[in-house]
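*Asks:* Here it is, the structure in full.
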Amino acid sequence: MKFEFRFASILHLRCRQRDEAGGKVGEANAAIAKIDSQIESIQEERRTLTAEDASSRVGEVSVDRLLTKGRYDLQLQADIKSLRETRSKLVEELERRQVKLKEAETEVKKFERMQEIELKRYRGEMLRREQVEMDELNNRRTAMARHTSS
């Protein structure tokens, strides 16, 4: 008689749900990392723009060029603000996904614990049955030995 966990299909389903939840947490982390990278890239562009402004102040000043750079810097600032808002929403989504992952992990552990308990009972029952069989075999041997010696 082979051990079969009666809730094996539910355990497999819960494991699959946990793995999917983990994948979604990973996706959210990757999206946040991408946003962080974009923010850093734009900030670096702004630093470069500021450094160019500082080095170009010697000599002739072009008003159009300054206005264009100023507008471009404002656009970069707006882009950073927008990315930070998006990042904030992604962090909220990440937290929500982490809660789902934790709940899924709890469900898996619950069914794994049930499986452990059921396996212990099964093994205990198998040992008890083996002991009964051994006792019966010994009783038969003893009875046969008495019968042959009489």
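*Asks:* Can you pick out the pairs among Lys89/Lys110; Lys2/Lys110; Lys34/Lys69 whose Cα atoms lie more than 28 Å from each other?
*Replies:* Numbers: Lys89/Lys110 32 Å; Lys2/Lys110 23 Å; Lys34/Lys69 26 Å.
Lys89/Lys110, as the Cα separations exceed 28 Å there.
*Asks:* Further question: Roughly how tilted is helix 63-149, in degrees to the nearest 10 and between 0 and 90, from the longest Cα axis of the chain?
*Replies:* Roughly 10 degrees between the two axes.
*Asks:* If you roll a 1.4 angstrom probe over the protein chains with everything in place, what fraction of the accessible area of the chain belongs to carbon and sulfur, to the nearest %? Write down the numbers at each step before the final one.
*Replies:* Values: 6260 of 11780 Å².
About 53 percent, which is the carbon plus sulfur part of the accessible surface.
*Asks:* How far is it, in nm, from the label point at Gln43 to the one at Arg96 when both lie 7 Å from their Cα along the line to the Cβ?
*Replies:* Each label point lies 7 Å from its Cα, and together they span 2.7 nm.
*Asks:* Can you give the angle from 0 to 90° between the axis of helix 8-55 and the longest principal axis of the chain, with both taken from C-alpha atoms, to the nearest 10?
*Replies:* The helix 8-55 is inclined about 20 degrees to the chain.
*Asks:* Rg to Rh for the chain: what is it, with Cα atoms only and Rh by Kirkwood?
*Replies:* Values: Rg = 35.4 Å, Rh = 22.4 Å.
A ratio of 1.58.
The values are calculated or read from the model by the stated rules, or taken from the named source; none is laboratory data. Keep in mind that what you see is a predicted model, and the values were worked out from it rather than measured. Every residue, glycine as well, gets a Cβ built from its backbone with ideal geometry; the counts of neighbours run over all protein chains shown. In case anyone asks, the SASA skips ligands and DNA or RNA and just uses the protein heavy atoms, side chains included. Shrake-Rupley method; radii C 1.70, N 1.55, O 1.52, S 1.80 Å.
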